[in-house]
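Just so you know, all these numbers are worked out from the coordinates, no wet-lab data involved. Keep in mind that what you see is a predicted model, and the values were worked out from it rather than measured. Cβ sites come from the backbone with ideal geometry, for glycine too, and all protein chains shown count toward neighbours.
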Amino acid sequence: MFFSNVGIAEKYNYLEEKFTVAYRWLAQTNIKDLPEGFYPLMGDDVIAGVQEYTTSPKEERRFETHDKYFDIQYMVTGDEMFGVCKRDGLKEIERIDENDVVFYEEPELSGEVLLREGDLIVVAPEDAHKPRCAAGKPAPVKKVVVKVKI
């Protein structure tokens, strides 16, 4: 899956080498057996973070964006609801520059994507996203977030 606005679709090359390195690693690596942690795939330009956690009710999660990296969010095991909306017009409530993350108030309108095992979504800096939301009841998941530097 790819989520974008036509106005920025040509701004980035989603098939450039950094992305293809990430896609290839996701497809060819036995991630289920990898422990949590960070795995540099291409120096600081492409870094995979393996995570294990229990999803939360969406009311407990916040929309976020990143200025320096794309996220490729890939579900290894489990299901997760993933909120999506445009960054434009959102009200910023917290910025943590050292972690390249900005959090926002809940927008009036947003969408959701159900991510299941093997699914991925690519979000650009212009895309706000709300990860880790429960698909029904909170449940354990394993996920990889690949950070691709702009």
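Here are a few things to note about the model shown:
- The range 77-97 and the range 107-142 have their alpha-carbon centroids 9 Å apart.
- Normalised by the number of residues in the range 17-149, the mean separation of alpha-carbon contacts (under 8 Å, six or more apart) gives a relative contact order of 40 percent.
- Each of P40, Y14, A27 was scored by the projection of its Cα onto the charge dipole of the chain, and the greatest displacement toward the positive side belongs to A27; charges sit on the C-beta of Lys, Arg, Asp and Glu.
- Subset of K68/K137; K18/K137; K18/K130 violating a 30 Å alpha-carbon distance limit: K68/K137; K18/K137
- Dipole magnitude of the chain about its Cα centre (Cβ charges: Lys, Arg +1; Asp, Glu -1), debye to nearest 20: 340
- Cα gyration tensor shape for the chain, rounded if a/c is under 1.5, else prolate or oblate: oblate
- Hypothetical label at I150: residues of the range 29-48 whose amide nitrogen lies under 17 Å (7 Å Cα-Cβ projection): 45-47
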